[in-house]
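The values are calculated or read from the model by the stated rules, or taken from the named source; none is laboratory data. This is a predicted model, so every value here is computed, not measured. Cβ placement follows ideal geometry from the backbone for every residue including glycine, while neighbour counts extend to all protein chains displayed.
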Amino acid sequence: MITVESVSKNFNGKPAVDHISFQAYDQEILVLLGTSGCGKTTTLKMINRLIEADSGNILIDGKNIRDQKAEQLRMGIGFVMQHAGLFPHYTIKQNIAVVPELLKWDRKKTEKRTEELLDKLHLAEDILSRFPNELSGGQQQRVGIARALIANTPVLLMDEPFGALDNITKADIHSEFKSLEELKNKTIILVTHDVQEAFELGHRICLMDKGKIIQTGTPKEMLYRPENSFVSGFFAENRLLLEYKIATLKDAGPFLNSENQYDEFKFVEDTSVWDALQKLSSDHKNTDQYEDLIRAFNDYRKLQIV
């Protein structure tokens, strides 16, 4: 869906992005991960031409983005900014309707689509007449997502979308984000410096440093098949927690004492070991299952580490 070919960008003679190449596949969440100043936000903004690349090519669905006007390109791409990026002098209704206004939708179409998104994002209709500063951080972020989704574009770019939220609110929105059917038919590129967020939301991760991509791969590949010491070192601090979160019951299943003993909890095979343990720990009657799952995870983990 999105192809970046040897793209570079310099600011004041210094490379911010240095000949990077990657692909974001159809219906994939690709995360650009790295510390501040590594070039991830610059890369994201070059995709919708908020920043123009100095060299290289960017293609969306096989078409070079330079072959169309920047304004037309952006109307076909959803964009979620840091801190929600809402217009403070617009009501929530006006904020959500920004793109429909540009696309010249009729009022009923805009209102119907707005109602759909409010329901999906767990927002009450009474917020529509309010202004951004009257909402909580979590509500503002959901409104920002609604604004980006309203035109139902196939591509969604997200720049540190949850960075300003507290951990509890962030966990709730992550859960909603992963379950939102609206997002499952989109190609999403998400920028973050939060390692856990990258592992929870991303299908694949591009780890960047000093304007270059160091490694691209699935969360499991990043942990168990790092290309160099920078990659392994980057994830070292949170490694065990990340392993719990990327391992699934399907992974641990062959090592369990009884592969069917979790059926009563209505777990599915792609439930993470972490999520399953959280649920089992909430009921003291499940001590045996809890300990068996930890043992199975450790047996699985030993085979992955080389």
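Look through segment 117-131, keep the residues that are under 22 Å from the mean Cα position of the chain (by Cα) and surrounded by 15 or more Cβ atoms within 10 Å (Cβ to Cβ), and return whichever of them is farthest from L156 (Cα to Cα). Quick ask: steps written out before the conclusion?
Filtering segment 117-131 down to residues under 22 Å from the mean Cα position of the chain (by Cα) leaves 117-123.
Subsequent filtering for residues that are surrounded by 15 or more Cβ atoms within 10 Å (Cβ to Cβ) retains 117-118, 120-121, 123.
Numbers: L117: 15, L118: 18, K120: 17, L121: 16, L123: 21 Å.
Looking at the filtered set, the residue picked out is L123.
Within segment 263-277, how many residues are surrounded by 11 or more Cβ atoms within 10 Å (Cβ to Cβ) and either outside any loop (DSSP other than H, G, I, E, B) or modelled with pLDDT under 60 (or both)?
Residues that pass the stated criteria total 7.
Looking at (1) surrounded by fewer than 16 Cβ atoms within 10 Å (Cβ to Cβ); (2) under 22 Å from M1 (Cβ atoms); (3) of a type in the set (F, W, Y), find the lone condition where Y90 falls short.
(2)
For G78, state whether it is among the small types (G, A, S), in contact with a Leu (Cβ under 7 Å, 6 or more places away or on another chain) and not in a helix (DSSP H, G or I).
Numbers: among the small types (G, A, S): yes; in contact with a Leu (Cβ under 7 Å, 6 or more places away or on another chain): yes; not in a helix (DSSP H, G or I): yes.
Yes.
I need the strands (runs of 3 or more DSSP E) fully contained in segment 1-58, keeping only those with at least 2 residues that are surrounded by fewer than 17 Cβ atoms within 10 Å (Cβ to Cβ).
Values: elements: 2-11, 14-24, 29-33.
Fully inside segment 1-58 and qualifying: 2-11, 14-24.
Condition first: without any contact (Cβ under 8 Å) to a residue 40 or more places away in the chain and touching a helix residue (DSSP H, G or I) at 6+ places or on another chain (Cβ under 8 Å). Now tell me which residues in segment 227-236 satisfy that. Even if it seems obvious, please write down each step before you answer.
At the first step, the residues of segment 227-236 found to be without any contact (Cβ under 8 Å) to a residue 40 or more places away in the chain are 227-234, 236.
Scanning segment 227-236 gives V231, F234.
Any residue at all in segment 185-201 that's buried (at least 21 other Cβ atoms within 10 Å of the Cβ), on the phi > 0 side of the Ramachandran plot and not in a strand (DSSP E or B)?
Scanning segment 185-201 turns up no residue that is buried (at least 21 other Cβ atoms within 10 Å of the Cβ), on the phi > 0 side of the Ramachandran plot and not in a strand (DSSP E or B).
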